[in-house]
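I have placed the structure first, in the form of C-alpha cells, so that the comments after it can refer back to it.
The values are calculated or read from the model by the stated rules, or taken from the named source; none is laboratory data. Keep in mind it's a predicted model, so treat the numbers as computed, not measured. All Cβ positions, glycine included, derive from the backbone under ideal geometry; neighbour counts span all protein chains shown. For the accessible areas, the whole protein counts, side chains as well, though only heavy atoms, and no ligand, DNA or RNA atoms are used. Shrake-Rupley method; radii C 1.70, N 1.55, O 1.52, S 1.80 Å.
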Amino acid sequence: MNSYALSVLIAIMAAAGTLAIVPTYASTFDEEACPDCGSNDIYTKANLAAQNDLPIAVWTDSRVYDHESEVVVSGTVANIKPGFPVTVTVIGPQNNIVSVHQVEVSEDNTFETVFSTSSALFKANGMYTVRAQYGPQEINDKVMIELVGEAPMGEVACGDGELAVKGGGEVYCVPFEADGVVVTGSSVSSATKSLILKIETEGDGFVSLAIPRDVLDATEDGSDVDFIVLVDDEEADYEEVDSDDSTRWVEIIVPDGASQIEIIGTYAVPEFGTMAAIILAVAIVSIIAVSARTRLSISPRY
C-alpha cells in the first residue's frame with residue numbers, strides 16, 4: 001500500500017470516528033432540559049435532565065436544611081395515570097418514617113408538596129430520604145437531604161389526651177385522662193425517682209396515667225411493687241388499673257384544692273439523655289487516648 005492510499009484510509013477512519021462520537025455527544029446534550037432557561041446551577045440542570053429518562057423524578061429545593069426549614073419537594077412523572085397520586089415518604093436517619101404526603105399530579109405532569117423540619121419527628125441530625133412513588137412499587141425515585149444544626153428546645157406537640165413530660169433531656173408523650181383536674185405542668189426526675197404533676201382542681205376529681213416503664217417504674221427483684229403517690233406531700237389513694245411489659249396504668253384520687261401530685265418509684269429516666277451519654281462517653285475515651293499518647297499521669301512523679 002503506497003503512502004497516498006494509506007493517507008486516504010486514515011482520513012476515512014477519522015471521519016467515521018467523528019460521526020460516531022457526534023451523535024453520542026448531541027444525545028447527552030439534548031437530555032439537559034431547558035437549555036435556554038439561563039440557569040447555570042448544576043443541581044437544577046441535573047434535575048431537569050433526569051425528567052427525560054425516569055418514569056418519575058423527584059428533587060428538593062436544597063440539599064441541606066436546619067430544624068426550622070420548609071422543604072419544597074418537586075417532581076415530574078412521565079405518564080399520568082388518572083386517579084393515582086404520588087406518595088412522598090420521608091424516612092429518618094434511624095430508618096423511621098417521619099412524614100407521608102399524598103400529592104396530586106398536575107396536567108403538565110408535575111407535582112409539588114412542602115413539609116416542615118420543625119416537627120418533633122425531625123429532631124435528629126443526619127441524612128433523610130425523600131422517596132416518591134407513583135403507582136407500582138418499582139416506579140419510584142428518591143433524593144437525600146441533610147438536617148444540621150441544633151434542634152429548638154420548645155415544647156413538643158403531644159396529641160390530645162397526652163401529657164408532655166420532660167425528663168432526661170427528652171420530652172415523653174404520656175397518655176392520660178382527668179376529671180375535675182387540670183394538669184399545668186409535668187416532669188420526671190431521676191434524683192427523686194418520681195414523676196411530678198402540677199395541677200389545678202375544679203372540685204374533687206381524678207387523674208389516670210399510662211406511665212411508660214422506661215420513664216418511671218417501681219420494681220424489686222424483677223417484680224412490680226407499688227408506687228408511692230403523694231398529693232401535696234400527703235400519701236394518697238390510687239389504683240393500678242392495668243399493666244404490661246411497657247406501661248403501667250394508674251388512677252389517682254385528687255381532692256379539691258390540691259396543687260401537686262408526685263408518683264415515686266424505684267427507677268426514673270436518667271437526667272442525661274441518650275445523646276448526652278454518648279457525648280460523655282466520647283469525651284472520656286478522648287481523655288484516656290490523649291493521656292496515653294502524651295504519657296500524662298494523674299499521680300505525681302517524684
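Would you call E234 in contact with an Asp or Glu (Cβ under 8 Å, 6 or more places away or on another chain), at pLDDT 90 or above and more than 30 Å from S118 (Cβ to Cβ)? It is false that E234 is in contact with an Asp or Glu (Cβ under 8 Å, 6 or more places away or on another chain), at pLDDT 90 or above and more than 30 Å from S118 (Cβ to Cβ). The set of residues in region 203-242 that are under 21 Å from A164 (Cβ atoms) and acidic (D, E) comprises D214, D217. Residues being part of a loop (DSSP other than H, G, I, E, B) and touching a Pro at 6+ places or on another chain (Cβ under 7 Å) are represented in region 177-193 by at least one member. The set of residues in region 193-208 that are open to solvent by 60 Å² or more (accessible area, probe 1.4 Å) and modelled with pLDDT of 90 or more comprises K193, K198, E200, D204. The C-beta contact set for region 225-246 (first residue part of a strand (DSSP E or B), second residue of a type in the set (F, W, Y), distance under 6 angstrom, 6+ apart or interchain) comprises V229/Y238; V241/W249; D242/W249.
So is D217 surrounded by 18 or more Cβ atoms within 10 Å (Cβ to Cβ) and of a type in the set (D, E) or not? Even if it seems obvious, please write down each step before you answer.
Details: surrounded by 18 or more Cβ atoms within 10 Å (Cβ to Cβ): yes; of a type in the set (D, E): yes.
So D217 fits the description; yes.
Residue under question is V148, and the condition is that it be touching a residue at least 24 places away in the same chain (Cβ under 8 Å), open to solvent by 50 Å² or more (accessible area, probe 1.4 Å), closer than 26 Å to K166 by Cα and of a type in the set (A, V, I, L, M); does it hold? For V148, the condition - touching a residue at least 24 places away in the same chain (Cβ under 8 Å), open to solvent by 50 Å² or more (accessible area, probe 1.4 Å), closer than 26 Å to K166 by Cα and of a type in the set (A, V, I, L, M) - is met. Note on region 80-111: residues that are in a loop (DSSP other than H, G, I, E, B), of a type in the set (G, A, S) and crowded, with 18+ Cβ neighbours inside 10 Å total 1.
When G167 is tested against (1) more than 25 Å from A120 (Cα to Cα); (2) open to solvent by less than 20 Å² (accessible area, probe 1.4 Å), just one condition goes unmet, and that condition is (1). Whenever a residue of region 62-78 is within 16 Å of V130 (Cβ to Cβ), its partners that are in a strand (DSSP E or B) and among the small types (G, A, S), lying with C-beta atoms within less than 7 angstrom and at least six residues away or across chains, give the pairs E70/S116; G75/A57; G75/A132; T76/A57.
So which residues in region 60-75 are surrounded by 14 or more Cβ atoms within 10 Å (Cβ to Cβ) and either in contact with a Phe, Trp or Tyr (Cβ under 8 Å, 6 or more places away or on another chain) or among the acidic types (D, E) (or both), if there are any at all?
First pass over region 60-75, keeping only residues surrounded by 14 or more Cβ atoms within 10 Å (Cβ to Cβ): 60-61, 65-67, 69, 71, 73-75.
Correct list: D61, D66, H67, V71, V73, S74, G75.
Those residues that are part of a loop (DSSP other than H, G, I, E, B), acidic (D, E) and without any contact (Cβ under 8 Å) to a residue 40 or more places away in the chain, I need them from region 194-224; list them, please. D221 - this is the single residue of region 194-224 that is part of a loop (DSSP other than H, G, I, E, B), acidic (D, E) and without any contact (Cβ under 8 Å) to a residue 40 or more places away in the chain.
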